[in-house]
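Undergrad: Handing you this structure, nothing more for now.
The values are calculated or read from the model by the stated rules, or taken from the named source; none is laboratory data. Predicted, not measured: the structure shown is a model, and the values here were computed from it. Quick reminder, even Gly has a Cβ in these numbers, built from the backbone with ideal geometry, and neighbours come from all protein chains shown. All accessible areas refer to the heavy atoms of the entire protein, side chains included, with ligands and DNA or RNA removed. Shrake-Rupley method; radii C 1.70, N 1.55, O 1.52, S 1.80 Å.
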Amino acid sequence: AKQRKGIKENLQSNAEDIDLALVNSDFTNVQEVNDILRLDIDTRIEKAAVKAFKEEMHVAKNDLKKLERKAEGKQFDEKAFAELSEIIEEQKSLISDIKEKIGAINQEIKSLKAKLEEKVKLKKEIDFFENRAYNLNTLSKLFKANGFVNFISSVYLQNLVNQANSRFLKLTRQQLKLELADDNSFKVIDYLNSGRVRHIKTLSGGQTFQASLSLALALAESVQKQINSKQNFFFLDEGFGTLDKKSLQIVFDTLKSLRKENRVVGVISHLEDLQQEIDVYIKTVKDPEKGSLVEKSWD
């Protein structure tokens, strides 16, 4: 009986402790505690979760303290907040309008690009047909009267000038160049005078000889190619009598340069200065009794 009384007192004391604990806890009755105790809880997981929660709470508290320090001495102005909110909404509306305008502009740009591509395409077609019309008009003019003959002659003469210039430039040390005018007359480009165009008659005697020789050789080479001839012989008949000594020296140098081209040149002249420059020659002399006699320079 004494033992039962002691047990009863212990139970009574435990019941009082439980009731006190319930009052100081979030539980309403003992059944809730029993339900929780019956749960299969992994204490390690729960401890880890509690630890993580405490760490997050600690961070949150620190953040809250920082925000409180920033907000210290400041008050929330509801009117200013409302005005700022209104401004933000207006800006959002303005941005939306701008985006719509940008979309419309991009669409217009796309349309203009397509039109520009079409314009370029049409421009190419127009250029093609204008060029064709020009060519047809040119052909129409060529076949009137002597137009075609004159055209072919101009082309042929231009080719001769181009071929002659390859030699004339070398002879004049890159100083002079022949050019053909629209009326097929000859002009000269003077590179020592800033590339200005001069009349052919302004050339000195020696330069005129060089130009004539270059054209004559170009013509001879053209004929030689047309008839497929291997002959490389060329005759010069006079043309030196009006030249001064400087011009004659240019003539001598020019004729000597032809030897490098493996070209045989025959010169007909009465000038003693020119005769002295030629090693192989045939000379005619007038004998009072026998008349004209031929002398040769070789045995």
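Undergrad: Starting from the residue with the highest accessible area, list 172, 284 in decreasing order, probe 1.4 Å. All intermediate terms of the calculation are to be shown ahead of the outcome.
TA: On the way: 172 10, 284 105 Å².
Greatest to least solvent exposure: 284, 172.
Undergrad: Could you state the principal axis extents of the C-alpha atoms in the chain, from the largest down, to the nearest angstrom?
TA: 197, 53, 48
Undergrad: Now for a different question. Computed over the Cα atoms of the stretch 42-188, what is the convex hull's projected area averaged over all directions, in nm²?
TA: For the stretch 42-188, the mean projected area of the Cα convex hull comes to 30.3 nm².
Undergrad: Over 14 Å, how big is the tail of the calculated P(r) for the stretch 12-63, in percent of all Cα pairs?
TA: Values: 914 of 1326 pairs.
For the stretch 12-63, the fraction of Cα-Cα distances above 14 Å is 69 percent.
Undergrad: Residues in the stretch 87-102, backbone N under 11 Å from the label point at residue 109 (7 Å along the Cα-to-beta-carbon vector): list them, ranges by number please.
TA: 102
Undergrad: Still on this structure: How do 208, 202 rank by accessible surface area computed with a 1.4 Å probe, from largest to smallest? Each step should come with its number before you reach the end.
TA: Numbers: 208 60, 202 80 Å².
Ranked list, largest accessible area first: 202, 208.
Undergrad: Given 70/92; 201/256; 256/286; 177/201, which pairs have Cα atoms separated by over 23 Å?
TA: Numbers: 70/92 28 Å; 201/256 25 Å; 256/286 29 Å; 177/201 14 Å.
70/92; 201/256; 256/286, as the Cα separations exceed 23 Å there.
Undergrad: How much of the accessible area of the chain, probe 1.4 Å, is carbon plus sulfur, in whole percent?
TA: Working: 13620 of 24580 Å².
Ligands and nucleic acids excluded, carbon and sulfur give 55 percent.
Undergrad: Here's another thing I want to ask about it. With the convex hull built on the Cα atoms of the stretch 193-299, state its orientation-averaged projected area in nm². Could you put the intermediate results ahead of the total?
TA: Details: hull surface 40.4 nm².
About 10.1 nm², averaged over all directions.
Undergrad: Roll a 1.4 Å probe over the protein heavy atoms and report the accessible area of residue 167 in Å², nearest 10.
TA: Number for this one is 30 Å².
Undergrad: Can you pull the accessible area of residue 58 for me, 1.4 Å probe, Å² to the nearest 10?
TA: 110
Undergrad: Just the accessible area for residue 87, please: 1.4 Å probe, Å², rounded to the nearest 10?
TA: The accessible area comes out at roughly 90 Å².
Undergrad: Indicate, rounded to the nearest 5 percent, the antiparallel portion of the DSSP beta bridges found entirely in the chain. Write down the numbers at each step before the final one.
TA: Details: 15 of 20 bridges.
In the chain, DSSP labels about 75 percent of beta bridges as antiparallel.
Undergrad: Could you work out [θ]222 nm for the chain from helices alone, using -39500 (n - 2.57) per DSSP H run of at least four and dividing by all its residues? Round to the nearest 500 deg cm²/dmol. Mind dumping the intermediate values first?
TA: On the way: 8 runs with 189 residues, N = 299.
So the helix-based figure for the chain works out to -22500 deg cm²/dmol.
Undergrad: Which semi-axes, in whole Å and largest first, does the equivalent ellipsoid of the stretch 37-127 have when worked out from the alpha carbon gyration tensor as the square roots of 5 times its eigenvalues? Show your work: numbers first, answer last.
TA: Values: eigenvalues 777, 168, 29 Å².
So the three semi-axes of the stretch 37-127 are 62, 29, 12 Å.
Undergrad: Let me check against my output: what whole-number percent is the relative contact order of the stretch 144-230, with C-alpha pairs under 8 Å and at least 6 apart? Let's see the in-between values first.
TA: Working: 76 pairs, mean separation 21.5, N = 87.
Reported relative contact order: 25 percent.
Undergrad: May I ask for the net charge around residue 195, where only other residues with Cβ less than 15 Å from the Cβ of residue 195 are counted and Lys, Arg are +1 while Asp, Glu are -1?
TA: Numbers: positive: 177, 187, 196, 198; negative: 179, 190.
Taking every other residue near residue 195 into account, the sum is +2.
Undergrad: At a Förster distance of 45 Å, what's the computed FRET efficiency of residue 123 paired with residue 216, Cβ-Cβ distance as r, to 0.05? It would help to have the intermediate numbers written out before the result.
TA: Working: r = 48 Å, r/R0 = 1.07.
E between residue 123 and residue 216, to the nearest 0.05, is 0.40.
Undergrad: Return the single residue from 50, 197, 285 with maximal mean-square fluctuation; model: Gaussian network over the chain, springs between Cα atoms under 10 Å.
TA: In the Gaussian network model the winner is 50.
Undergrad: Among 48, 82, 216, whose mean-square fluctuation peaks in a Gaussian network model of the chain (Cα, cutoff 10 Å)?
TA: 48
Undergrad: Taking only protein heavy atoms into account and a 1.4 Å probe, give the accessible area per residue of the chain in Å².
TA: Values: 24580 Å² over 299 residues.
The answer is 82 Å² per residue.
Undergrad: Order the following by accessible area, largest value first: 189, 105. Probe radius 1.4 Å; ligands, DNA and RNA are ignored.
TA: Numbers: 189 20, 105 90 Å².
The ranking, largest first, comes out as 105, 189.
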